[in-house]
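Every number here is computed from the coordinates shown, using simple stated rules; none is lab data. Model, not experiment: these values are computed from the prediction. Cβ placement follows ideal geometry from the backbone for every residue including glycine, while neighbour counts extend to all protein chains displayed.
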Amino acid sequence: MRKKILGIFFLILSFSTLVGCDILQQFITTTAQGEQTTELTDTIETTTDASTQITDSTLYQTTNFDLTTAITTNVTDITNQTTTASANPTTTITTATQNITTTTTQNITTTTTQKIYDTIAEVKAGLVGDSYTTKGTVVGLTGSGFLMEEGGSYIYVYLKAIPSQAIGDIVEVTGTTTTFGGAVQFGSDSVVTKINTITVTVPTANELAGTAITNYADDFEVGDYIEITGNLIVDGTYVNLILPDTTVKGSLQSLSTELDLSTYNGKDVIVKGYVLYVSGSTTKYLNLLVTDIEEVQAVTYDTIAEVKAGLVGDSYTTKGTVVGLTGSGFLMEEGGSYIYVYLKAIPSQAIGDIV
C-alpha cells in the first residue's frame, strides 16, 4: 500500500514537474525575450502595464519581467507569473494626419517686339520721295493737314482734307515725303494712326518785325513759334497779313472750326503761330499755322512835330521811321520832322524800321 502511495506521489510529482518545466521553459523563453522591441517608425513610449502608445508614426512595445523572482518561486508562482505575462496588453493607437502643400512655380517669358520709328529729324534729312514711318504729337491743325512734333523737330502732314486728329494726339505716320515752299513734308498718301493723347504746352513766341521778318524768310525753320503784327486781309480762300516795313507778307492758316480768322478781316492783329513754309516767288509769303490772334487796339499817335512843340517833361507816343543810328540811340522821322531817341545803349533797331 505504501509503495502504491509513493508511486502515485512520484507520478503526480513527475507530472507537475513536467508541466512546471514546460511552463518554466516557456517563462524563461519569454524572459529571454523580456526586452522585446518592435520599431515602426520614429518615436516610442512604453508604459509599465504593457500598454503601448503610438505617437509621430512610431511604435515600441516593451515587456519587462523580474527574472530572479520568477526562478526562486515555486511551480505555482511560475504558473501565476506565466499567466500574468500572457495577459493581453491594451494598445492605444493614435493616427497622425500629415498635410502636404505642394507649390508649383511657373516661369513665363513674354517677348515684346518694339517698333522702330524714324525720327522726324531723320525723315527731314532723308531722301525725298522715300517712305518713312515716324511718331509724334499733333501741335496744330489747318484745313488740310496738321503739324506734328517729336524731339524738337517738326513736320507738316498734308492730308488734302480736314484732319480728324486733335491737338495733343500722339500719332504714327507712314508715308512718302515731298517738298513744298522749301520744307519737307508728308504727302496726301500718308496713313495716320492714333496711339495716345497728351496735353500740349505752347512755347514762348519769338517776336519778329520789319527787316527781321525779311531776313527770317530767307532762313526759316519749320515749327518755329513766332509773333508778327499786321493788317489782316481776306482774299478769296486766302487769309493774308500785310506786314509793315517788309516786302514779305504773312499767309495765315488755321482750322476754321477751331479758329475763324475771317472775322478779323480788315483789322490790325497780333498773330502767334508755327512756321510751316515760305511760298511765292516775286512776293514771299511766310505761312503760319495760327494758334492765337488778338486785335490791336487803336492807338492815337502824337506827330513828331507835336512832340517837339509840347511841354517838355510830359509823356508822348509817336511813330516814325528810323533814318540813322548812333552808339547810344537813333534818329527817327515822320512827316518831315525829326527827333532823336537817346537809349543810352547800342540800339537794336535798323535803318528803315518803322517804330
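Determine the gain in length on full extension of the stretch Thr326-Ile162; use 0.36 nm per residue of separation and subtract their C-alpha separation, reporting nm with one decimal.
53.8 nm
Taking a point 7 Å from the Cα of Ser348 along the Cα-to-Cβ direction, the residues of the range 309-323 with backbone N closer than 17 Å to it are 322.
Counting only the backbone N, which residues of the range 232-254 are under 20 Å from the spot 7 Å out from the Cα of Asp219 toward its beta-carbon? Inside the label zone: 246-249.
Spacing of the modelled spin labels on Ser131 and Thr247, each 7 Å from Cα toward Cβ, amounts to 4.4 nm. Which stretch or stretches of the range 203-226 have amide N atoms under 15 Å from the point lying 7 Å from Val296's Cα along the Cα→Cβ direction? The answer is 207-213. Relative intensity of the range 198-237 on a log10 scale, I(q)/I(0) at q = 0.16, 0.20, 0.35 Å⁻¹, equals -0.58, -0.80, -1.19, per a Debye sum over C-alpha point scatterers of equal strength in the absence of solvent.
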